[in-house]
Amino acid sequence: MDTNLSNTKASARANHGGDATGHREFHVTYFDADCGLIRSEVFDTLAEAERFAGRNVSDEQGWAVIDAVPAQQRRLAA
């Protein structure tokens, strides 16, 4: 599913429903215009990911893509 965020080049792709276990995380890949690099961040909810993507698309060169992926199990420090 592609979604336009406030006439920006941000899009949300993938199935935003849960997988068999219901655990998803949202990866935002975006262009950081301040340094000219492509970066990524991980969020627990789609709403957080959309807010972050919207803030990082501030001009016509800015873009962000949100991908819903199965959550990875995280290791706990001993």
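The values are calculated or read from the model by the stated rules, or taken from the named source; none is laboratory data. Just so it is clear, the structure is predicted and the values come from calculations on it, not from any experiment. Glycine also receives a Cβ, built like all others from the backbone with ideal geometry; neighbour counts cover every protein chain displayed. Just the protein is used for accessible areas: all its heavy atoms, side chains included, with ligands, DNA and RNA removed. Shrake-Rupley method; radii C 1.70, N 1.55, O 1.52, S 1.80 Å.
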Exercise. How far apart, in nm, are two points set 7 Å out from the Cα along the Cα-to-Cβ line at Ala33 and at Asp59?
Worked result: 0.5 nm
Exercise. ³J(HN,Hα) across the stretch 55-60 via Karplus (A = 6.51, B = -1.76, C = 1.60, θ = phi - 60°), whole Hz, x for Gly/Pro?
Worked result: 5, 8, 10, 9, 9, 5
Seminar exercise, completed: Expected unfolding gain across Val42-Val69 under the 0.36 nm per residue rule, minus the alpha-carbon gap, is 8.7 nm
For this session: Report the accessible area of Val42, computed with a 1.4 Å probe over the heavy atoms of all protein chains in place, in Å² rounded to the nearest 10.
Result: 80 Å²
Seminar exercise, completed: Taking Lys and Arg as +1 and Asp and Glu as -1, residues besides Arg51 with C-beta under 15 Å from its C-beta add up to -3
